[in-house]
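Inspection log for the structure reproduced underneath, given as structure tokens.
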Amino acid sequence: MKVVVLSDTHGNAEIIEQVYEQEQGANAFFHCGDSELSYDDSRFHEMYRVKGNCDFDSDYVDEFVVPIGERRIFMTHGHLYNIKMMLTPLDYKAQEVEADIVLFGHSHVLGAQQVGRTLFLNPGSLLLPRGGNPKSYATIEWEEEQDELTVTFKTPDQQIISQHYFPIPKK
């Protein structure tokens with residue numbers, strides 16, 4: 001399985017389209033908010049998307065859970081969980097919804113870490129990255145029979161920024 005995660009594109013619809021075209025073989029695409037586009041913008045294609053603090057279309061939802069393969073993915077923008085300060089509120093929510101993977105944005109800082117059984121991933125920003133990072137998005141890949149997730153952070157032109165491996169805890 002392969003999922004592609006974007007966030008914080010702040011009105012740059014072309015970059016969403018570019019990443020979508022480059023990652024055509026993916027099983028699912030996620031946008032973690034602050035696109036500043038209308039919910040039904042055609043460049044989202046079949047992308048899962050949530051409302052960020054800079055999104056005002058009422059069709060967006062704040063969060064949701066979706067199964068992808070055998071994994072439960074929870075997505076939110078992050079501003080409602082105070083993610084710039086700590087992951088604790090988001091971790092509590094992840095436990096409540098039994099998420100294997102949590103996707104969020106808001107801080108514009110790329111990162112991935114495992115807390116207990118759950119992988120937390122922020123793809124960074126494709127427009128205004130912070131923390132000295134380049135513009136970025138992320139992919140998460142796994143085989144259902146294997147016990148490892150691979151997270152790859154990439155620039156818009158698909159240069160690999162970093163790659164990380166996380167164990168998949170047994171259920």
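The distance between label points at ARG43 and ASP62 comes to 2.8 nm (points 7 Å beyond Cα on the Cα→Cβ vector). Length gained on full extension, ASN27 to GLN113, computed as 0.36 nm times the residue gap minus the Cα-Cα distance: 28.7 nm.
Report, to the nearest whole %, how much of the accessible area of the chain belongs to carbon and sulfur atoms, 1.4 Å probe, protein only.
Values: 3670 of 7870 Å².
Answer for the chain is 47 percent, counting heavy atoms of protein chains only.
Here the contact order of the chain, divided by its residue count and restricted to Cα pairs under 8 Å and six or more residues apart, works out to 21 percent. Rolling a 1.4 Å probe over the protein heavy atoms gives the chain an accessible area of 46 Å² per residue. For CYS54, the solvent-accessible surface with a 1.4 Å probe is about 40 Å², rounded to the nearest 10. Each part reduced to its alpha carbon centroid, segment 146-164 and segment 49-81 end up 22 Å apart.
For the set MET75, MET1, MET85, solvent exposure ranked by accessible area (probe 1.4 Å, protein chains only) runs largest to smallest as MET85, MET1, MET75.
The values are calculated or read from the model by the stated rules, or taken from the named source; none is laboratory data. Keep in mind that this is a model prediction, so the values were computed, not measured. Cβ: placed from backbone, ideal geometry, glycine included. Neighbour counts: every protein chain shown. SASA here: full protein model, heavy atoms, side chains in, ligands and nucleic acids out. Shrake-Rupley method; radii C 1.70, N 1.55, O 1.52, S 1.80 Å.
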